[in-house]
Amino acid sequence: MAYTGGPLNELNGKMGISAPYKSVPVMKLIRFHNPKSKEELVELIEWHSQNNCECGTKSQGSVESFGRNLFDSQLIYWGEKRFTLQECIQWEYDLFVVQSLKGGIIEKKAIQILNDSLSKYKFEEAEGYLDEELRIDIIIKKNGLEIGGIQVKPRTFKLMRREVITFNTTANQKWGRPVFYLYYDENEVFLNILELEKEIETY
């Protein structure tokens, strides 16, 4: 099981290690290239740090180098090294590769379910600015107009630090349209999809 919480989560967030401009906008990479395996995604991230691609994504390094950045930042943040280089690389691998691939699959599943059950609306993957800056995963359209968005999150998101949740909410609010949250459990079962559908139908 991928583990992306704990003290390294705090370190990663506070030091901005995985910010898209310091690492790689990984969901953009996944959408364009549709990697079929974890190994392929690892290679794509590194390849995009050394080459220019028509997808327009530029990586600032490899998963390994992001892990090294995390490892090195411990001294600055804590004044000591609490985790080994291997643990830091593994943490970034879980974040960029395991969780990102899982996230993409779950978003597609949510889009399919919502399009099947709410035919008056159209649900599409968010891209670019909406996805990377405003933290929106799915766009809700009605009569061709964008009326709102959805963030798809593991239920553990509710247990994250207040700053993380606030950061997401603040990013969402910049759009000026309602952004709903859809939660799933460890078995990838959506927990509040019926309530979400009822809420969307009021718009």
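Out of 36, 102, 58, 109, report the one residue that is open to solvent by 90 Å² or more (accessible area, probe 1.4 Å) and out of contact with any Pro (no Cβ under 8 Å at 6 or more places or on another chain).
36
Here is a list: 93, 77. Which entry is surrounded by 19 or more Cβ atoms within 10 Å (Cβ to Cβ), in contact (Cβ under 8 Å) with a residue 24 or more places away in the chain and not charged (D, E, K, R)?
Exactly one of 93, 77 is surrounded by 19 or more Cβ atoms within 10 Å (Cβ to Cβ), in contact (Cβ under 8 Å) with a residue 24 or more places away in the chain and not charged (D, E, K, R), namely 93.
What pairs can you find where one residue is in the stretch 30-51 and assigned to a helix (DSSP H, G or I), the other is among the basic types (Lys, Arg) and surrounded by fewer than 17 Cβ atoms within 10 Å (Cβ to Cβ), and their Cβ atoms are less than 8 Å apart, with a gap of 6+ or different chains?
Correct list of pairs: 48/58; 49/58.
As an exercise: evaluate residue 181 against (1) modelled with pLDDT of 95 or more; (2) hydroxyl-bearing (Ser, Thr, Tyr); (3) in a loop (DSSP other than H, G, I, E, B) and give the number of the one condition it does not meet.
Checking residue 181 against (1) modelled with pLDDT of 95 or more; (2) hydroxyl-bearing (Ser, Thr, Tyr); (3) in a loop (DSSP other than H, G, I, E, B), the one that fails is (3).
Here is a list of conditions, (1) at pLDDT below 95; (2) closer than 17 Å to residue 16 by Cα, and residue 77 meets all of them except one; can you say which number that is?
Every condition holds for residue 77 apart from (1).
Would you mind telling me which numbered condition in (1) without any contact (Cβ under 8 Å) to a residue 40 or more places away in the chain; (2) on the phi > 0 side of the Ramachandran plot residue 137 fails?
(2)
Restricting to the stretch 179-195, name every residue that is out of contact with any helix residue (DSSP H, G or I) (no Cβ under 9 Å at 6 or more places or on another chain) and of a type in the set (Val, Ile, Thr).
Passing the criteria: only 189.
Quick check on the stretch 98-138: of everything there that is part of a helix (DSSP H, G or I), modelled with pLDDT of 95 or more and among the β-branched types (Val, Ile, Thr), which residue is farthest from residue 173 (Cα to Cα)?
Result: 113.
Can you spot a residue in the stretch 149-164 that is open to solvent by 40 Å² or more (accessible area, probe 1.4 Å), closer than 26 Å to residue 56 by Cβ and of a type in the set (Ser, Thr, Tyr)?
No, the stretch 149-164 contains no residue that is open to solvent by 40 Å² or more (accessible area, probe 1.4 Å), closer than 26 Å to residue 56 by Cβ and of a type in the set (Ser, Thr, Tyr).
The values are calculated or read from the model by the stated rules, or taken from the named source; none is laboratory data. Everything numeric in this text was worked out from a predicted model, so none of it was measured. In this analysis, Cβ positions are derived from the backbone assuming ideal geometry, glycine residues included, and neighbour counts consider all displayed protein chains. For the accessible areas, the whole protein counts, side chains as well, though only heavy atoms, and no ligand, DNA or RNA atoms are used. Shrake-Rupley method; radii C 1.70, N 1.55, O 1.52, S 1.80 Å.
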